[in-house]
Every structure is written in C-alpha cells, then in structure tokens.
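The values are calculated or read from the model by the stated rules, or taken from the named source; none is laboratory data. Fair warning: this is a prediction, and the values are worked out from it, not measured in the lab. When we count neighbours, we look across all protein chains shown, and the Cβ atoms used for this are built from the backbone with ideal geometry, even at glycine. These area figures cover heavy atoms from the full protein model, side chains too; ligands, DNA and RNA do not enter into them. Shrake-Rupley method; radii C 1.70, N 1.55, O 1.52, S 1.80 Å.
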Amino acid sequence: MSSYDELLKKAFDPEAFRREGHRVVDILADFLAKSAPETRERVLAFEDPDAMAASWAGRFGSGPSAAFSDLLPEILARSNDLLHPRFIGHQCTTALPLAALGGFAGQFLNNGSAIYEMGPVNVAMERQLVRWMTGLAGWGPAADGVFTSGGSIGNLTALLAARQAMAERNVWTAGVAAEPNLAVLVSEQCHYSVKRAAAVIGLGEDAAVPVPVDERFHMRSDGLEAAFAGAVRAGLRPIALVANACSTATGSYDDLEAAAAFAAARGLWLHVDGAHGAAALLSPKYRSLLRGLDRADSVIWDAHKNMLMPALITAVLFREGGHSYEAFSQKASYLFEKEAREEWYNFAHRTMECTKTMMGMRLFVSLAAYGTDFFAGYVTAVYDLAREFAGLLRASGDFETAVEPESNIVCFRHLKRGETDLDALQRRLRRRLLEKGNFYVVQAVLRGRTWLRCTLINPRTTIADLAALLGEIRKIASE
Ligand SMILES: *Cc1c(COP(=O)(O)O)cnc(C)c1O
C-alpha cells in the first residue's frame with residue numbers, strides 16, 4: 001500500500017477518530033476547568049507577531065508532522081483564553097462549550113446550506129430561529145430574514161436591501177450611476193462597517209451623513225432634521241437612517257421610537273444595528289431599551305456577541321420579509337420576489353455567501369439544551385453586572401466612567417492623584433495589563449480622551465474579578 005492509501009485509511013478510520021476526538025475533548029475540558037483566576041493567572045500571552053509567526057514556520061511538510069492532540073496544548077497555551085472570567089476586552093464572547101460541540105458536529109457534517117438541498121436540517125433550523133427572533137423584535141408573520149457571517153456583512157446586506165427598496169431605479173442591474181445621489185443618515189457613533197457598507201455599495205463613505213450624538217452618545221433626535229436638510233442641500237437623497245442598539249464604543253441605545261417617527265415622516269428606511277445589543281430583547285428587564293424596534297425595517301443581531309455563540313452567526317431580519325429577497329436581487333424585485341418567496345429555503349438568493357457553515361444549528365441545539373430562559377438570564381446578568389461595576393467605579397473615588405452603562409460595555413478611567421496626562425496614563429495602564437496578561441481590557445477614544453473599555457460578556461465574570469481589576473490598575477499606576 002502506498003503511504004497515501006495508508007494515510008487515507010487512517011484519516012477516515014472511525015476508531016482512530018474516536019481516540020483522537022476523546023483526547024481533544026479531554027484536553028479542552030481540562031483547559032475549561034482551569035480557566036479561573038485560582039488555577040490560571042494569565043488570560044493572554046501576548047507575543048510579538050513576527051516571533052509568533054516564525055515559531056509556526058516549517059511545522060508541516062510532505063508527510064505527517066504532529067498529531068492534532070499533540071499540537072493542541074501549545075495552541076491553547078498561546079491563545080487568548082476567552083473562557084477566563086478576567087478576559088473582558090472585545091465583544092467576542094466566551095463560547096458556550098455545547099455550542100462549540102455543535103460547531104464541531106456541523107463541521108463534521110459540513111452541510112453547506114447555500115440551498116436547501118445542501119443542508120436541509122440546518123436550513124429548517126435557521127427558519128425556526130428567524131421566526132423566533134422576528135417575533136422578539138415585535139414583528140408579524142410577514143417578517144423574514146437570514147443568517148450571515150458577521151455583523152459587518154449583515155449591515156451590508158440590510159443596506160443593499162434598503163437601497164433596492166428605496167431607489168427609484170434598479171441600481172442592482174443599472175449600477176450606481178443610474179442614481180448617483182443616494183445617501184444614508186448614520187449615527188456619528190455608528191460602527192465602521194456601516195460607513196464601509198455605504199462605500200462598498202457604491203454610495204461612497206461621504207454619503208454616510210453623520211447625525212450628532214448627545215453627551216451619552218445617543219443619536220440626537222433633534223439633530224436628525226438638520227442632518228437630513230444638510231444632505232438635501234448638498235444634493236443628496238437620503239434613503240435610510242441607521243440607528244444603534246447599541247453603539248460599539250459605549251454600548252448606548254439610540255431612541256428607536258424617535259428614529260422610527262423621523263424615518264416615517266421623511267420616508268426613510270430605518271435600519272437598526274443591533275449587532276451587539278439586540279439580544280437585550282431576550283431580557284424582560286432590559287428589552288425596553290429596544291422600544292420602537294417594531295417599527296424598524298431591518299435589524300441585525302449577532303449571536304456571537306450577547307448570545308454566547310462561537311463566531312460567526314448574525315441574523316439579518318426584515319419586518320417585511322419580501323425585502324430579504326431584494327438585497328442581492330438580480331432582477332426587478334417585483335418579479336424576483338414572488339419567485340424567491342416560494343423558495344425561502346434557498347438562502348443563497350439572500351446572502352452574500354454561497355456555501356455557509358451550519359451556523360444556525362449551533363444556536364438551535366444550544367436553545368434546545370438550555371432553553372430561552374437561560375439566555376434571557378444571561379443577558380440580564382451581564383447587563384446587571386455592568387451597572388454594578390459602574391457603581392463600584394463611582395464609589396471608588398479614583399476612577400470615573402465615561403457614561404452610565406446601558407448594556408454590558410463599560411468605559412472608565414483611572415484618576416491617579418497628581419497625574420497631569422490622564423490619557424497617556426490610561427494607555428500606559430493598558431499596555432502594562434497586556435504585558436502582564438492577567439486581565440484583558442481594550443481602550444476607546446471618546447471625544448479625544450482615552451478610556452479603558454471592557455465588555456462584560458463572559459457570564460463567569462464576577463464583581464470580585466472587577467474589583468481585582470481595579471486593584472491591579474492601582475498597583476500598576478503606582479509602579
Ligand atoms: C460588532 C459590531 C458590528 C460588527 O459585527 P461583526 O460581527 O464583528 O462583523 C457592527 N455593528 C455593531 C454596533 C457592533 O457592535
């Protein structure tokens with residue numbers, strides 16, 4: 001037998017797979033067991049990118065080099081530990097271990113899900129998830145949507161649909177030159193992917209007209225008319241308004257009722273960027289933050305942020321489901337719509353992707369295993385924790401918050417006595433935290449000032465961890 005034949009046999013040998021699989025799961029379970037401050041101090045081991053890359057050079061070749069289970073301990077040791085309660089930086093969540101298993105099984109099956117035939121079970125599960133999520137948004141049976149790979153593509157998809165619905169000509173076929181003056185009004189605090197989407201769809205980034213925000217970083221309702229009028233004076237035709245629920249930097253929820261009223265008065269499409277914050281719909285305590293969403297035209301919702309899912313899984317939802325078919329409409333929408341509507345199960349009509357992972361399956365099996373109340377409890381708990389942390393910061397006397405948190409994002413800074421350059425201090429503190437590696441926080445610049453920023457997205461983070469963070473910061477500041 002040639003070595004190819006031998007390896008092929010080994011690669012698909014059920015017993016070899018079982019053995020390696022058990023080894024891998026055991027290693028991961030041990031890692032999970034140690035993801036706590038008592039058993040592992042470091043949450044990340046920052047390494048120089050060039051040195052990191054060099055250390056992985058030459059480690060595979062024409063024949064087998066290492067078993068996965070032999071490489072895995074090193075991979076874990078040198079990766080970021082998002083399972084650790086002191087990893088509280090970006091909006092990437094701790095993956096629910098069961099959802100990771102769902103991802104594993106999905107990749108094992110590798111049912112592409114571009115069209116029904118390619119992934120029937122996943123397609124059906126995603127249908128049910130979309131129904132459930134549009135119901136939470138307060139929309140009726142006409143609502144529809146799809147899952148796509150991340151909020152950035154989600155915003156792009158929604159804006160494509162908005163353009164196709166609102167433009168007077170068929171820009172999809174005729175090109176942007178057919179209607180060159182289209183614009184969108186966006187919060188000054190919008191995620192960069194919204195402006196990027198405006199550029200990608202050919203409006204140009206300048207056609208993303210900023211609406212100013214108030215002192216708490218909400219889009220100013222009284223600034224909408226001026227932004228609209230300014231755009232019109234500049235020869236633009238605004239077709240959509242993009243509101244945040246919530247914003248990335250500070251987690252501020254725009255007033256969706258005011259946005260919806262303005263959009264209705266001016267004939268604009270209302271898109272809500274709920275990548276981070278739409279999951280608050282799950283929480284009876286916090287769902288009122290999204291009041292007014294029922295009147296929006298579209299919303300995106302990242303389950304890989306506040307729903308504990310491994311990346312990526314984003315829902316792009318439309319109140320009038322027919323619009324879901326317009327984003328990538330290749331024909332006049334009214335013709336395509338009917339045809340496509342009868343083919344809800346062929347998602348490739350409606351997403352950027354052709355082949356997709358079985359992303360919905362991970363969420364579906366997690367909801368089945370733990371129930372929706374578990375996820376509601378999760379959102380409530382992490383939003384509560386942010387408020388508790390803000391209280392701790394306020395009471396400290398030597399820290400301040402940028403704004404009272406509305407979600408689970410908290411921006412704060414250390415006010416070291418006698419320090420003249422507080423911005424430089426926060427940067428220095430963060431750099432030292434990165435080097436020490438026992439907490440992970442990020443930074444944000446708001447109105448020219450530097451803040452430490454954390455996202456309390458890990459359900460195992462406690463107020464004691466956050467108190468320990470403040471202690472660590474004080475210690476570093478005094479060094
Ligand atoms: C994270 C985020 C995005 C981008 O989502 P990805 O899934 O990272 O592509 C878009 N908008 C907001 C408000 C976000 O917080």
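For V186, the residues whose amide H sits under 5 Å from its own are V209, V211, V242, ignoring neighbours fewer than 5 places away on the same chain, with H placed 1.01 Å from N.
Taking every C-alpha pair closer than 8 Å and separated by at least 6 residues, the mean separation divided by the residue count of the chain gives a relative contact order of 21 percent. For the chain, a simple Cβ point-charge model (Lys and Arg +1, Asp and Glu -1, everything else neutral) yields a dipole of about 580 debye relative to the Cα centre. Mean residue ellipticity at 222 nm, helices only, the chain: -13500 deg cm²/dmol; runs of at least 4 DSSP H residues each add -39,500 (n - 2.57), and the sum is divided by the number of residues.
Convex hull of alpha carbon positions in the stretch 373-478: directionally averaged projected area 6.6 nm².
Contact order for the stretch 225-322, expressed relative to its length and based on alpha carbon pairs under 8 Å spaced 6+ residues apart, stands at 23 percent. In percent, rounded to a whole number, the relative contact order of the stretch 407-479 is 37, using alpha-carbon pairs under 8 Å and six or more apart. Accessible-area rank, largest first, for E74, E117, E435, E326: E117, E435, E74, E326, with all protein chains present and a 1.4 angstrom probe.
As a rough guide to protection, the peptides 298-310, 229-241, 92-104 ranked by mean Cβ packing within 10 Å, highest first, stand as 298-310, 92-104, 229-241. With N as its number of residues, the stretch 127-253 has a Cα radius of gyration that, divided by 2.2 N^0.38 Å, comes to 1.11.
In this structure, the pairs whose alpha-carbon distance is over 21 Å, taken from K285/K305; K305/K356; K305/K475; K416/K475; K34/K436, are K305/K475. Scoring 192-201, 453-462, 10-19 by mean Cβ neighbours within 10 Å over their residues and listing the highest first yields 453-462, 192-201, 10-19.
The stretch 234-296 and the stretch 408-463 have Cα centres spaced 28 Å apart.
In summary, the aspartates and glutamates within cross-link reach of K10, defined as a Cα separation below 19 angstrom excluding same-chain residues under 8 places away, comprise E20, D70.
Accessible-area rank, largest first, for M118, M52, M219, M352: M352, M118, M52, M219, with all protein chains present and a 1.4 angstrom probe.
Heavy-atom accessible surface of the stretch 373-478, averaged per residue, reaches 40 Å², computed with a 1.4 Å probe. Surface analysis of the stretch 112-370 yields an accessible area of 37 Å² per residue, using protein heavy atoms and a 1.4 Å probe. In the chain, the portion of solvent-accessible area held by carbon and sulfur atoms comes to 56 percent [1.4 Å probe, whole percent, DNA, RNA and ligands not counted]. Annotation: peptides 77-86, 152-161, ranked by per-residue average of other Cβ atoms within 10 Å with the highest first, follow the order 152-161, 77-86.
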